[in-house]
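Participant: Take a look at this one; I'll ask things after.
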Amino acid sequence: MRQFLAGLLIGAAALLPAGVAMAQDGPLRIEITDGVIEPLPFAVPDFVAETGTAGELSAQIARVVAADLAGTGLFREVPASAHISRVTDFDAPVQYADWKAINAQALITGGVSVNGNRLTVRFSGYDVFSEDMLGEGLQFSGTTEGWRRMAHKVSDAIYSRITGESGYFDSRVVFVSESGPKNDRRKRLAIMDYDGANVQYLTNSSAIVLAPRFSPTGDQVLYTSYESGFPQVHVLDVARVQRRILSPDDGIMSFAPRFAPDGKTVVFSQSRGGNTDIYRMDIASGNLSRLTSAPSIETAPSFSPDGSQIVFESDRSGSQQLYVMAATGGEARRISFGNGRYGTPVWSPRGDLVAFTKQNRGRFHIGVMRTDGSEERLLTSSFLDEGPTWAPNGRVIMFTRETQGASGRATLYSVDISGRNLKPVRTPDGASDPAWSPLQN
Amino acid sequence: MGISGMKRAICLVAALAVSACSNATGWRDDGFGGSGSGGAGASADGGLGAGALAPNSPAYFQQTVGDRVLFAVDQHELGAGAQTTLAAQAGWLAANPEYTITIEGHADEQGTREYNLGLGARRANAAREYLVANGVSPTRIKTVSFGKERPLEICSAEACYAQNRRAVTVIAGGFTS
């Protein structure tokens, strides 16, 4: 099975125009069809409550694991109502025949114990048809309040073992929560788990806030705020919810910030005399250096994962296009050449792709291209899609979709880089400008 | 809320004017290019009709001189109408030297967030340069861009977009006499 799914994902990564489907019977194999992936069926019975107080969590954790895996579009849950076996002892032998009978190709079992507020989760994965374990069983411990994170860690381990890719479930998303009508919109920073759970607000809505971005370690967030009356770059400590102005406080507009991979440097745009360029700032010293100097709009800089290059947008050619330059500035080479306008480029964490917003013929798209501009593919299309952010494993993109008209509302969506599995991310209010964190430790 | 509601009322009136004349070519430059003037019932200070505004008041500036200029799609050039409005603004500012101003540049929703911030900065700066060329001291002028964050009109059609692509001169500092 590992081999099968690894093949399946390589198929997706190779950007095949056709979908990949698998045969349900006989030896596992890959068939290229023009259909979509047939998701891999799995079963996650309620985890076994191993202490008296673990009953509720043992069921909830299994539900989160199931939602994580099914939410990828690569897996499909065989519901509990179809299960033949009940797992009542985590250490008892697996009744493979019962899981084969319902065609659950993967089985995930777990045991949960709670002592005080300490939660311990043990789990195992099984390849049902080969009657093998999917790697060794693992155990995570933490506090009971962190139960969702433990569930996500189980999902990450299972996903990783089956696909050969790192997971992305134990991660967070910082975003702008929106309320109120379009001409009186209130915006505040918020953070949540990748799946929309555990929303926490980081600022009040007294000033416009835009486009938060995580630090490489996920403990700080850069964002643009109008708190002083004009846009300035702020940095916020996520754990302590403390913030300060980072950009020079000299009345110059600063926006579109992003951290360098070393976490010590930031880049952002400044507008001086109506002209917007990209600047780089050393956080410790506050030293500012100018990376672009053209009369056009240069903005939305994003570093390559090795920190050596920056992809950004510029309208120096007469319309918005994507360019790559050295992280120290200097000559830039244009990488986007298709029809329409390109903006908000973001380098993937794997380094292989750039995600972007494209505007063409009155429609907006989220797309990806290789870092040299080749193999452009559009993943979405709507009245207004913009601002992609990468899942930590570089397989999924989250972005903002805004609906048309007077009652237009912003919602977060995610889509696989294959273009499949487009779906909204549930948030309490309107939401925009998502930024995905690295995988948590 | 009160101010923005009032602005909205003004622009609804303006939007009607636009749709009424939108078949005429070049309406952006026909002198409409500016003024937030107008609207009956759009008085800033509750109860005073436009005719009763003191000529040196910010409300007079907003409603009678005209506090805004409009732009074509993705452009920051000032049309003839916009220049007329800005010349009137410069005249008012010369007569009322105690005021400072902030010029707010805005974009419509057809664009990405960061680019629209840059575009709004261009528009605010275009208005600023025109005022400076007409004698307003640069030290009295601040500029700021709101990109597409503060639309006045909320439909997703050109009639609304045209009103949102604007540079608004806000009487900021100084003291009222």
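The values are calculated or read from the model by the stated rules, or taken from the named source; none is laboratory data. Every value quoted in this text rests on a predicted model; they were computed, and no experiment measured them. Backbone-built Cβ (ideal geometry, glycine too); neighbour counts: all protein chains shown.
Participant: Could you grab me the full set of residues in segment B:133-177 that are among the aliphatic types (A, V, I, L, M) and either surrounded by 15 or more Cβ atoms within 10 Å (Cβ to Cβ) or touching a Ser or Thr at 6+ places or on another chain (Cβ under 7 Å) (or both)?
Facilitator: B:136, B:141, B:144, B:152, B:154, B:159, B:162, B:167, B:168, B:170, B:171, B:172
Participant: Hey, another quick one. Could you grab me the full set of residues in segment A:241-266 that are within 15 Å of residue A:285 (Cβ to Cβ) and either loosely packed, with under 13 Cβ neighbours inside 10 Å or within 24 Å of the chain's Cα centre (by Cα) (or both)?
Facilitator: A:260, A:262, A:263, A:264, A:265, A:266, listed by residue number.
Participant: Name the single residue, out of those in segment B:102-117 being more than 7 Å from chain A (Cβ to nearest Cβ) and among the β-branched types (Val, Ile, Thr), that is nearest to residue B:129 (Cα to Cα).
Facilitator: B:103
Participant: Quick one: residue A:346 ticks every box in (1) within 14 Å of chain B (Cβ to nearest Cβ); (2) surrounded by 17 or more Cβ atoms within 10 Å (Cβ to Cβ); (3) assigned to a loop (DSSP other than H, G, I, E, B) except a single one, so which number is it?
Facilitator: (3)
Participant: Out of the residues in segment A:381-392 meeting the condition of being away from chain B (no Cβ under 14 Å) and buried (at least 21 other Cβ atoms within 10 Å of the Cβ), tell me which one is nearest to residue A:300 (Cα to Cα).
Facilitator: A:390
Participant: Restricting to segment A:188-219, name every residue that is more than 21 Å from the chain's Cα centre (by Cα) and within 14 Å of chain B (Cβ to nearest Cβ).
Facilitator: A:205, A:206, A:207, A:208
Participant: Just checking: which of the strands (runs of 3 or more DSSP E) contained wholly in segment A:1-115 hold 3 or more residues that are modelled with pLDDT of 50 or more, surrounded by 14 or more Cβ atoms within 10 Å (Cβ to Cβ) and assigned by TED's automatic domain parsing to the domain that holds residue A:152?
Facilitator: Those strands (runs of 3 or more DSSP E) span A:40-43, A:75-77, A:106-115.
Participant: Residue A:292 versus (1) more than 14 Å from chain B (Cβ to nearest Cβ); (2) surrounded by 14 or more Cβ atoms within 10 Å (Cβ to Cβ): which is the lone unmet condition?
Facilitator: If we test residue A:292 against (1) more than 14 Å from chain B (Cβ to nearest Cβ); (2) surrounded by 14 or more Cβ atoms within 10 Å (Cβ to Cβ), just (1) comes out false.
Participant: Another one. What are the residues in segment B:118-177 that are among the charged types (D, E, K, R), more than 9 Å from every other protein chain (Cβ to nearest Cβ) and closer than 19 Å to residue A:208 by Cβ, if any?
Facilitator: B:148, B:165, B:166
Participant: Give segment A:384-406 a look and list any residue that's farther than 24 Å from residue A:313 by Cα and free of Cβ contacts under 8 Å to residues at least 60 places away in the same chain, or say none.
Facilitator: Across segment A:384-406, the qualifying residues are A:403, A:404, A:405.
Participant: Same structure again: Which residues, counting only those in segment A:203-219, are buried (at least 19 other Cβ atoms within 10 Å of the Cβ) and free of Cβ contacts under 8 Å to residues at least 40 places away in the same chain?
Facilitator: Scanning segment A:203-219 gives A:208, A:209.
Participant: Are any residues in segment A:245-264 without any contact (Cβ under 8 Å) to a residue 24 or more places away in the chain and in a strand (DSSP E or B), and if so, which ones?
Facilitator: Selection gives A:245, A:253.
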